[in-house]
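Written out below as structure tokens is the structure these notes cover.
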Amino acid sequence: LYSFIIHNKDTFFNNATRSRIVHHILQRVKYEEGKNKIGLNRLLSNGSYEAAFPLHEGSYRSKNSIRTHGAENHRHLLYECWASWGVWYKYQPLDLVRRYFGEKIGLYFAWLGWYTGMLFPAAFIGLFVFLYGVTTLNHCQVSKEVCQATDIIMCPICDKYCPFMRLSDSCIYAKVTHLFDNGATVFFAVFMAVWATVFLEFWKRRRAVIAYDWDLIDWEEEEEEIRPQFEAKYSKKERMNPISGKPEPYQAFADKCSRLIVSASGIFFMICVVIAAVFGIVIYRVVTVSTFAAFKWALIRNNSQVATTGTAVCINFCIIMLLNVLYEKVALFLTNLEQPRTESEWENSFTLKMFLFQFVNLNSSTFYIAFFLGRFTGHPGAYLRLINRWRLEECHPSGCLIDLCMQMGIIMVLKQIWNNFMELGYPLIQNWWTRRKLRQEYGTQRKTSFPQWEKDYNLQPMNAYGLFDEYLEMILQFGFTTIFVAAFPLAPLLALVNNIIEIRLDAYKFVTQWRRPLASRAKDIGIWYGILEGIGILSVITNAFVIAVTSDFIPRLVYAYKYGPCAGQGEAGQKCMVGYVNASLSVFLVSDFENRSEPTSNGSEFSGSPLKYCRYRDYRDPPHSPVPYGYTLQFWHVLAARLAFIIVFEHLVFCIKHLISYLIPDLPKDLRDRMRREKYLIQEMMYEAELERLQKERKERKKNGKSYHNEWP
């Protein structure tokens, strides 16, 4: 008590801190004679109690207006100023959130608000890139040539049932591709890589300010208790704790290593399950494109590839959601198998596994479409096949980027809708059902007279893993926003709209639908910051490959400077792209088709006589050259340019990221000055207090007739 100036003991601690103190005491109370008969958690685990939770401060609703009568309690104030949908455009009352829910939850909402605010410039630039594509659509030479290519006949994209098609039939897809793959795409990819670094660096500064204001700078987490499961497993082996000097259970190094090896093997096996699921989707796409090509409905028959992609994405989403349920159980089993010593070690291990599982699960099919779809198909007459049976799927004549855009758009929208329903809709339905049963059992009048603990008991308990689901959802969204942003510039805008809803949805859930969680302290967002940094590094690499490999940016650049009308002139405008479409297509002799690939139609509907030649996307020699269907010199130029672009792009962006990290200090200057000023004042106060004590002692000695020579003044 002597360390604090306390005017009123009843109001010195806020409600969240008082709850934490009570929980701290209950965790250490001995309830029965015996070695391990201590703590509330053991009573909960053995079923002595059904639940234990802090109480909400009354109702969150009031008959009177908060403007005229004020707030009845902190919960009511939070609902009106934070959880209500009508205040979506206002700043969050973070200090009030911290006082009511504790620092850990307050930091989550501070991070979420900061992330949402930082999405505004990213969403604006992404929308600008998209609108730039819209405004330049009529001036794009490539899409013009595709739309006017009525005399270019493309080879079938699947065996037997797929017909020959005019290149001009893919006019709409060429235009849509230009909306996302235009001259501003490279700039936007660099911007987003830099944005991710700026976001993390400025969050460190923001976190430092919050930690200072909330008195967390010098706070260190106390020595954690050993998990009961660890204690029960290793109670026979003990060693002295170097800090407390007391004996505690000990896990041998060999036992720990063997458990980690088994856990790592389990993780590897589950990742293989994901790859197997993606392989299943690939087979579905290969088989279905032929089925849709022979469909009786003309709409589906004429758009067989888009129908295949759309249905494959929806099936993939269902598989993702089903596997997520399995992954949670597997991650829980593997984490418990490792036997972590403390709760924080358990939480970090579980978090890393769940993020790894869900990240691979969510993005594996996207990686396939971005980097493998249409890359290893061979060419007409010599197609590569799965199990020597199914011909690998080709890209659309307008490119693979449209497939990647569809994959990202559908998965992102569906996942956000599903997450929002599970976060709010599911608790609402459960609470409604509980209220309905109570009305039937006790009646409306009796229900209103329930004590607060019983009203709170009828609410939903907070997730067993704390804020894990909230963080995981946002981190996966951050990955979607940055990793493939070069293919889908509207991703930051979708994330921004979702997050504006997410903040109020989470606030409403915490205030109205959940029991009040136990307040806990934290200095930062923990292991999630390291995961965010890893995603930022991965995003640079993936965007470099998307621009170089998936989009047509590099082939167009090579054509403009080396093979087009402006070759050798150092120009690369739209006039330099004349003839690009024809130069990017190779010629195939129809009579060279394999028997199992030969289409049922001979293409006579185009010119009145059977087709002799068709075109396909690749850089290969014509059939009558000395080396039929061999790679042309342009292919090797494009390949070299792609590799050079990846190296230059990655090194440039990483240099910019490291420079920004170096230039932006972790602590703002005014905060550093405030901390130094505080330290100086403390030293002055200590000096003055010591000086005052010594002077008082000197006066007492003089008063008692005692004096000493050479003493301090």
Problem set entry | Contacts under 7 angstrom Cβ, first residue in region 409-428 being within 20 Å of W85 (Cβ to Cβ) and open to solvent by less than 50 Å² (accessible area, probe 1.4 Å), partner at pLDDT 75 or above and β-branched (V, I, T), 6 or more apart | N420/I501
Exercise. Given the conditions (1) part of a helix (DSSP H, G or I); (2) in contact (Cβ under 8 Å) with a residue 40 or more places away in the chain; (3) more than 26 Å from V413 (Cα to Cα), which single one is not true for E454?
Worked result: (2)
Seminar exercise, completed: For region 560-575, pairs from a residue that is of a type in the set (D, E, K, R) to a residue that is assigned to a helix (DSSP H, G or I), with Cβ under 8 Å and 6 or more apart or across chains, are K562/Q634; K562/H637; E571/A560; K575/Q141
Exercise. Between a first residue in region 335-349 that is open to solvent by 50 Å² or more (accessible area, probe 1.4 Å) and a second residue that is modelled with pLDDT of 85 or more and in a helix (DSSP H, G or I), which pairs have beta carbons less than 6 Å apart while being 6 or more apart in sequence or on different chains?
Worked result: N348/I527
Exercise. Is there any pair linking a residue in region 532-548 that is over 11 Å from I483 (Cα atoms) to one that is aromatic (F, W, Y), with Cβ under 8 Å and at least six apart or on different chains, and which?
Worked result: L532/F478; I547/F553; I547/F645; I547/F649; A548/F645; A548/F649
For this session: Kindly indicate whether any position in region 60-70 is open to solvent by less than 30 Å² (accessible area, probe 1.4 Å) and among the β-branched types (V, I, T).
Result: no
Exercise. Given (1) modelled with pLDDT under 85; (2) polar (S, T, N, Q); (3) assigned to a helix (DSSP H, G or I), where does T197 come up short, assuming only one miss?
Worked result: (1)
Exercise. Pick from G133, G117: which is under 24 Å from the mean Cα position of the chain (by Cα) and within 30 Å of V194 (Cβ to Cβ)?
Worked result: G117
For this session: Filter region 489-548 down to residues that are of a type in the set (D, E, K, R) and not in a helix (DSSP H, G or I) and give me whichever is least open to solvent (accessible area, probe 1.4 Å).
Result: R516
Problem set entry | Residue check, V194 open to solvent by less than 40 Å² (accessible area, probe 1.4 Å) and within 34 Å of the chain's Cα centre (by Cα) | yes
Problem set entry | All positions within region 566-615 that are aromatic (F, W, Y), in a strand (DSSP E or B) and either surrounded by fewer than 12 Cβ atoms within 10 Å (Cβ to Cβ) or out of contact with any Pro (no Cβ under 6 Å at 6 or more places or on another chain) (or both) | Y613
Exercise. Looking at region 23-49, which of the residues that are in a loop (DSSP other than H, G, I, E, B) and touching a helix residue (DSSP H, G or I) at 6+ places or on another chain (Cβ under 8 Å) is least open to solvent (accessible area, probe 1.4 Å)?
Worked result: G39
Seminar exercise, completed: Contact list, first residue from region 671-687 and touching a residue at least 40 places away in the same chain (Cβ under 8 Å) and among the β-branched types (V, I, T), second anywhere and open to solvent by less than 100 Å² (accessible area, probe 1.4 Å) and assigned to a helix (DSSP H, G or I), beta-carbon distance below 7 Å, six or more apart or interchain, is none
For this session: May I ask you to verify whether L55 is over 19 Å from P93 (Cβ atoms), open to solvent by 30 Å² or more (accessible area, probe 1.4 Å) and not in a helix (DSSP H, G or I)?
Result: yes
Exercise. Does region 631-667 hold any residues that are closer than 25 Å to T197 by Cα and open to solvent by 70 Å² or more (accessible area, probe 1.4 Å), and which are they?
Worked result: L643, I647, V648, H651, L652, C655, H658, L659, Y662, L663, D666
Seminar exercise, completed: So, first residue farther than 15 Å from R18 by Cα in region 84-105, second residue open to solvent by 50 Å² or more (accessible area, probe 1.4 Å) and part of a loop (DSSP other than H, G, I, E, B), Cβ within less than 8 Å, six or more apart or across chains; the pairs are K104/R521
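Which members of region 306-343 meet the condition of being of a type in the set (S, T, N, Q), at pLDDT below 85 and part of a helix (DSSP H, G or I)?
Step one: filter region 306-343 for residues of a type in the set (S, T, N, Q), giving 308-309, 311, 316, 324, 335-336, 339, 342.
Filter again for at pLDDT below 85, leaving 308-309, 311, 316, 324, 339, 342.
If the condition is that a residue be of a type in the set (S, T, N, Q), at pLDDT below 85 and part of a helix (DSSP H, G or I), then T308, T309, T311, N316, N324 are the ones that fit.
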For this session: Tell me, yes or no, whether region 694-712 has at least one residue that is without any contact (Cβ under 8 Å) to a residue 60 or more places away in the chain, acidic (D, E), in a loop (DSSP other than H, G, I, E, B) and more than 30 Å from F593 (Cβ to Cβ).
Result: yes
For this session: Would you check if G117 is at pLDDT 90 or above, assigned to a helix (DSSP H, G or I) and in contact with a Pro (Cβ under 8 Å, 6 or more places away or on another chain)?
Result: no
Seminar exercise, completed: The one condition R166 fails out of (1) more than 28 Å from the chain's Cα centre (by Cα); (2) open to solvent by less than 30 Å² (accessible area, probe 1.4 Å) is (2)
For this session: Taking M354 as the residue in question, decide whether it is open to solvent by 30 Å² or more (accessible area, probe 1.4 Å) and part of a helix (DSSP H, G or I).
Result: no
Exercise. Within region 556-578, how many residues are within 38 Å of the chain's Cα centre (by Cα) and either under 23 Å from I483 (Cβ atoms) or charged (D, E, K, R) (or both)?
Worked result: 1
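Residues are listed down the side, and each one gets a yes or a no for (1) within 30 Å of L611 (Cα to Cα); (2) modelled with pLDDT of 85 or more; (3) surrounded by 15 or more Cβ atoms within 10 Å (Cβ to Cβ):
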site	(1), (2), (3)
I152	yes, yes, yes
D181	no, no, yes
F188	no, yes, yes
R207	no, yes, yes
A232	no, no, no
I243	no, no, no
For this session: Go through the residues of region 643-666 one by one and say whether even a single one is under 21 Å from I152 (Cα atoms) and either assigned by the TED database to the domain that holds V289 or assigned to a loop (DSSP other than H, G, I, E, B) (or both).
Result: no
Problem set entry | Answer from D592, D618 - the residue that is touching a residue at least 24 places away in the same chain (Cβ under 8 Å) and within 27 Å of A548 (Cα to Cα) | D618
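Can you tell which of E688, E684, E650, E678 is in contact with a helix residue (DSSP H, G or I) (Cβ under 7 Å, 6 or more places away or on another chain) and of a type in the set (D, E)?
When all the criteria are applied, what remains is E650.
The values are calculated or read from the model by the stated rules, or taken from the named source; none is laboratory data. What you are looking at is a predicted structure, and each value in this text was computed from that prediction instead of being measured. Quick reminder, even Gly has a Cβ in these numbers, built from the backbone with ideal geometry, and neighbours come from all protein chains shown. In case anyone asks, the SASA skips ligands and DNA or RNA and just uses the protein heavy atoms, side chains included. Shrake-Rupley method; radii C 1.70, N 1.55, O 1.52, S 1.80 Å.
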